[in-house]
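Chemist: Before I ask anything, here is the structure I am working with.
Each reported figure results from applying straightforward, stated rules to the coordinates on display, with no laboratory input. What you see is a predicted model; the values in this text were computed from it and never measured. Don't worry about glycine lacking a Cβ; one is built from the backbone with ideal geometry, like all the others, and counts go over all protein chains shown.
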Amino acid sequence: MDGYKNYRTGAYLLIGFAVLLLLAALLTDRWGSLHSLLLMLSTTTFIGGAFLFALGGDDPVRATVAGQFSLQGIAALGGIIHDRGGRGTAVFLPPKSEDGAVMQFIPTARSSGSYTGGADGSALCNGGSGILIEPLAGSMLEDLKRDNNLVLPTEYALLAGAVREVCEDLLSVADQVEVQREGDVVTVTLQNYRFFSGCISRREASPESCALCPCSVCSLIMCMMAEGLGCEVRLQQADLDEGERSVRMGISCSARDSAGVASGSPDL
């Protein structure tokens with residue numbers, strides 16, 4: 001019960017902060033870069049709050065309602081990203097330091113290599129441009145570390161166990177989670193996924209949106225992998241099995257050398 005209260009408290013705080021960010025955006029120049037950044041931050045924060053609210057009910061929530069509620073605001077965030085020129089597959093970047101956080105780079109042009117971010121949310125990558133934002137699950141991951149003593153192992157086998165524990169036990173978003181790897185691709189399968197109906201609706205509306213702007217659960221899993229393994233993470237594919245109500249994610253992991261350039265698979 002205390003865990004549910006913590007989720008609800010966190011949800012109210014995030015949603016309240018999202019409203020403040022939205023008000024700040026309305027007071028800035030509509031066409032300025034700061035306006036777009038504040039809108040993205042507001043939408044991201046609201047989505048995180050909505051997801052925690054969906055998880056924090058004292059009584060069971062209907063799966064269809066929870067599935068739709070968990071995706072509230074993601075379409076708006078995707079629209080903002082498109083308006084700023086975001087295209088292709090988002091890249092989850094590992095923290096630059098022990099006190100740093102995972103960031104999400106959304107390319108606006110084909111690019112690879114080291115990433116640098118600006119204060120207005122813009123980013124450069126070896127001449128290519130993109131958008132650098134906090135992942136949807138960034139605040140959720142920090143809450144799990146603080147409230148549930150979550151530790152992200154640097155070894156693949158232990159990290160896979162942490163992903164299972166978070167999804168099955170702490171958040172209860174799936175009955176069973178399978179984590180397998182082949183080369184630099186990690187496959188995560190969420191069996192009897194609680195928010196499956198939301199995945200169906202989103203896939204029908206925009207098939208490419210999962211790679212561009214992963215939902216909160218996919219974002220959380222990729223944040224864990226990026227931080228734990230210290231690698232760049234991308235969602236290669238997300239397959240849905242309506243019979244088993246399962247989601248199968250194909251996640252690529254690329255290590256980075258001392259210059260910050262992607263250089264193949266990490267030591268999994």
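Chemist: Does at least one position in segment 213-221 carry a residue that is over 8 Å from the mean Cα position of the chain (by Cα) and in contact (Cβ under 8 Å) with a residue 60 or more places away in the chain?
Modeler: To start, the set of residues in segment 213-221 that are over 8 Å from the mean Cα position of the chain (by Cα) comprises none.
Scanning segment 213-221 turns up no residue that is over 8 Å from the mean Cα position of the chain (by Cα) and in contact (Cβ under 8 Å) with a residue 60 or more places away in the chain.
This table checks each residue for (1) more than 20 Å from residue 166 (Cα to Cα); (2) surrounded by fewer than 23 Cβ atoms within 10 Å (Cβ to Cβ).
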| position | (1), (2) |
| --- | --- |
| 194 | no, yes |
| 199 | no, no |
| 209 | yes, yes |
| 214 | no, no |
| 217 | no, no |
| 226 | no, no |
| 236 | yes, yes |
| 250 | no, yes |
